[in-house]
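S.K.: Let me give you the structure first, and then I'll get to my questions.
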Amino acid sequence: MIKVLVADDHKIIREGLCNMLDAEPDLKVVGAASNGREALALARKLSPDVVIMDISMPELNGIEATRQIRAEAPQAAVIALSMYADKRYVLGMLKAGVAGYLIKDCAFEELARAVVVVHRGETYLSPAIADTVRKVLVTRIDQDPLTRVEELTERERQVLQMIAEGIKTKDIAESLHISVKTVETYRSSIMQKLGLFSVAELTKFAVREGITPP
């Protein structure tokens with residue numbers, strides 16, 4: 001029996017996926033998360049075999065959640081299930097360590113098949129992103145002058161996402177259990193590393209890099 005964790009911030013999609021996956025004879029949904037931080041906590045607690053991960057989620061996006069899950073629960077294979085076929089999102093998830101990437105308009109049968117494939121230790125990429133993946137392989141990340149997100153620490157990427165989502169400094173501090181001054185220090189560090197000098201520029205950068213949805 002393959003244990004599956006589903007992470008998606010849209011309740012109707014999350015519940016629908018759980019119901020359909022549970023109906024498969026060889027699959028069992030062990031948990032469902034509404035954001036990346038919850039997905040990470042459940043991956044630690046439940047030790048799933050496969051995690052189905054949305055990319056655009058509040059607090060901790062799918063890329064960062066995947067990166068941390070792969071570091072802390074390496075037995076879990078992650079499948080990105082997203083509405084985005086854009087290079088930034090595909091590249092971000094591939095670098096984070098996903099074993100599969102599917103577009104949300106795929107048939108459920110394809111998703112169920114992908115779960116079995118990645119559980120075997122193989123890779124499953126939707127035909128819909130084949131051309132994007134080819135371009136990603138041709139253009140190496142370290143040759144892309146637009147990509148500077150790698151310079152940020154894990155916490156800085158999380159703070160950047162929350163800033164770009166319009167969350168107030170005080171609320172960021174409360175959510176991350178740190179002081180307002182620490183949030184401001186992170187923001188200054190992010191701006192210095194990226195060479196950006198306003199919240200508007202940070203937001204534009206976060207959208208372009210796939211850290212937060214447009």
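Each reported figure results from applying straightforward, stated rules to the coordinates on display, with no laboratory input. Note that the coordinates shown come from a computational prediction; the quantities given were computed from them, not determined experimentally. Quick reminder, even Gly has a Cβ in these numbers, built from the backbone with ideal geometry, and neighbours come from all protein chains shown.
S.K.: Over 26 Å between Cα atoms: which of Lys11/Lys104; Lys3/Lys170; Lys168/Lys193; Lys3/Lys87; Lys45/Lys170; Lys3/Lys168 fall into that group?
M.R.: Lys3/Lys170; Lys3/Lys87; Lys45/Lys170; Lys3/Lys168
S.K.: Still on this model: Label 7 Å along Cα→Cβ of Ala71; segment 1-35 residues with amide nitrogen under 20 Å?
M.R.: Within reach of a label on Ala71, which here means backbone N under 20 Å from a point 7 Å along Cα→Cβ, segment 1-35 contributes 35.
S.K.: Taking the chain as the reference, fit the longest principal axis to its C-alpha atoms, fit the long axis of helix 87-96 to the helix C-alpha atoms, and give the angle between the two in degrees, 0 to 90, nearest 10.
M.R.: 80 degrees
S.K.: Using only Cα atoms, tell me the angle between helix 11-22 and the longest principal axis of the chain; keep it within 0 to 90° and round to the nearest 10.
M.R.: 30 degrees
S.K.: Right, here's the next one. Just to confirm a number: summing +1 for Lys and Arg and -1 for Asp and Glu over residues other than Gln75 whose beta-carbon lies under 11 angstrom from that of Gln75, what do you get? Walk me through the numbers on the way to the answer.
M.R.: Working: positive: Lys3, Arg70; negative: Asp49, Glu72.
Its environment carries a net charge of 0.
S.K.: Output the relative contact order of the chain, whole-number percent, from Cα pairs under 8 angstrom with separation of 6+ residues.
M.R.: 16 percent
S.K.: Return one number: the angle in degrees, 0 to 90 and rounded to the nearest 10, between the long axis of the Cα atoms of helix 36-46 and the longest principal axis of the Cα atoms of the chain.
M.R.: 50 degrees
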